[in-house]
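So the structure is just underneath, and the comments pick up after that.
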Amino acid sequence: MRFLRNIFVGIRAYFKAIRLIIRHKMYWYIAIPAILMLLIYYVGDRVRSHEVSPDVKTMNGIIWYLIYLLTELSVALLLMKFSKYLVVSLLSPLLSQLSQKTENLLTGNSYTYNFKQLVADVKRALRIIVRNLMWEYFFFLIILLISMIGWKEATSSPVFYLTYLIGFYYYGFSFMDYVNERRRLSMDESIVFVRKNRGLAMMIGAGYSLLIIVPVELDALFNFSRFSTDFPGALGNFSLNLVLWLCASTAPILAIVTSTVAMNDIVDLSSNPYAKKSTPEALD
């Protein structure tokens, strides 16, 4: 019963979050992950296209060149293919501040700015992200092995789709923990809380995942060579990927606001004894 109720709370929270973002002009925050995502991709593209003149006259030169090539390709792959996930980790300070701003609008709660506390918040967020990634990968391997045993192609197995649901849960967990930290819950207490409200975590994570995994071809935003030979097609491809890129950039901002709204709906954040009180500005 709680599971289903929390799913509806999560759905309603997304609509509330959109209204809140528009009314209080928080959509400007989207520019930060959008620009950061492009910068990461651009650096990766430059690393990938960088050419060196290898010294292959000696065995030592060949070995060092291979090490250099492997490192360069790995960095390029990380920056270009996983840029959307890398952005989320880099945005931890912003997400922490945006969650506090949302809570202030909803409840009037405010928290004394403390750089030391901000650093602690970011460290905790990164620990949660790493923990969740490890557990998600662990369950992914188990499901993959089961799928490989029972089906010719693992990805065609109905069981394999459980990996998406697990991902939804852990993504939602990461966003909900920003609020739990301000409630002074320990990591273990936060884990227990999210487990009890797994429906909400999965709903928050589902909305985030559907936006963040859109197939953006960021190369289309940098490569203008096709405009001279196929202008209509190139323009259409550019416009499509621009929209998809904006959707992906919106994902972390919308998810953190939604998680704060939803948490306020189920625990009433205005009763947090660790916050300073003032008059809330947001309306339902």
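Around the amide H of ASN109, modelled in the peptide plane, lie the amide H atoms of SER278, all under 5 Å away and 5 or more residues distant in sequence or on another chain.
Per 0.36 nm of contour for each residue apart, how much would the distance between TRP28 and VAL192 grow if the chain were fully extended, relative to their Cα-Cα spacing?
Extra length available between TRP28 and VAL192 comes to 55.6 nm.
Cα extents for segment 152-218 along the principal axes, largest to smallest and rounded to whole angstrom: 46, 31, 16.
Listing ARG124, ARG131 from fewest to most neighbouring C-beta atoms within 10 Å gives ARG131, ARG124. Can you give me the Cα centroid spacing of segment 223-284 and segment 159-203 in angstrom? One Cα centre to the other: 19 Å.
When you count, for each residue, the other Cβ atoms within 10 Å and take the mean per peptide, how do 196-208, 254-266, 219-231, 22-34 rank with the highest first?
254-266, 196-208, 22-34, 219-231
Taking a sphere under 12 Å around the Cβ of ILE129 and counting the other residues whose Cβ falls inside, with K and R at +1 and D and E at -1, yields a net charge of +2. In this rough spin-label picture, where each label sits 7 Å from Cα along the Cβ direction, the SER271-MET1 distance is 1.9 nm.
Largest first, the extents of the alpha carbon coordinates of segment 144-284 on the three principal axes equal 64, 49, 24 Å.
FYI, it's all coordinate maths here, none of it is from the lab. Quick caveat, the model's predicted, so the values are computed rather than measured. Here the Cβ is made from the backbone with ideal geometry for all residues, glycine too, and neighbour counts use every protein chain on show.
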